[in-house]
Amino acid sequence: MQGQQSTPETTRFQQTDQSERPVGRSIKRGMLNRCPACGQGKLFRAFLKSVDECSACGERMDHQRADDFPPYIVVTIMGHLVLGGFMMTEMLLTLSNWGHLAIWVPITIIGSLALMQPVKGGVIGLQWALRMHGFGGHEDAPEDKLPATGPSA
């Protein structure tokens, strides 16, 4: 066995024939407005409206469910940036409340609008990589759905 080189093998805990979907690459492609599957087709047909399917590879995108997660991420990012900027400005300059409003309200609105589409694309890419919400070839089915009880049952 000398002279033979062993090739490193990936340890798999579940044997499937499904292809690998790297999370980082999928999120990056989504943030760049590209299909998370192939990286070629556009992800959005309007500002926040995703395409029904990729024009390059045909991957369905109509079942994505980004919902409220992208706005939560944008609010968190913008909150940290604006609060940090406000505090630094307050340390260097003495401005009235109107002065701060004139600076920070437009920055907050423009920054939020600029971040919304890339963040939503990243969330769609994450859902695709993790095979969530129909991206795994099966529709969502709640396993923990409880039977209806009470007077209306």
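The values are calculated or read from the model by the stated rules, or taken from the named source; none is laboratory data. In this text, all values refer to a predicted model and were calculated from it rather than measured experimentally. Neighbour counts are summed over all protein chains in view; Cβ atoms, including those assigned to glycine, are modelled from backbone coordinates with ideal geometry.
Overview of results
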quantity	calculated
Test result for Gln127, within 16 Å of the chain's Cα centre (by Cα) and either farther than 29 Å from Gln40 by Cβ or in a helix (DSSP H, G or I) (or both)	yes
Considering residues of segment 106-153 that are at pLDDT below 95 and basic (Lys, Arg) only, the residue farthest from Gly24 (Cα to Cα)	Lys145
Ser50, sole failed condition from (1) in contact (Cβ under 8 Å) with a residue 24 or more places away in the chain; (2) surrounded by fewer than 16 Cβ atoms within 10 Å (Cβ to Cβ); (3) not aliphatic (A, V, I, L, M)	(2)
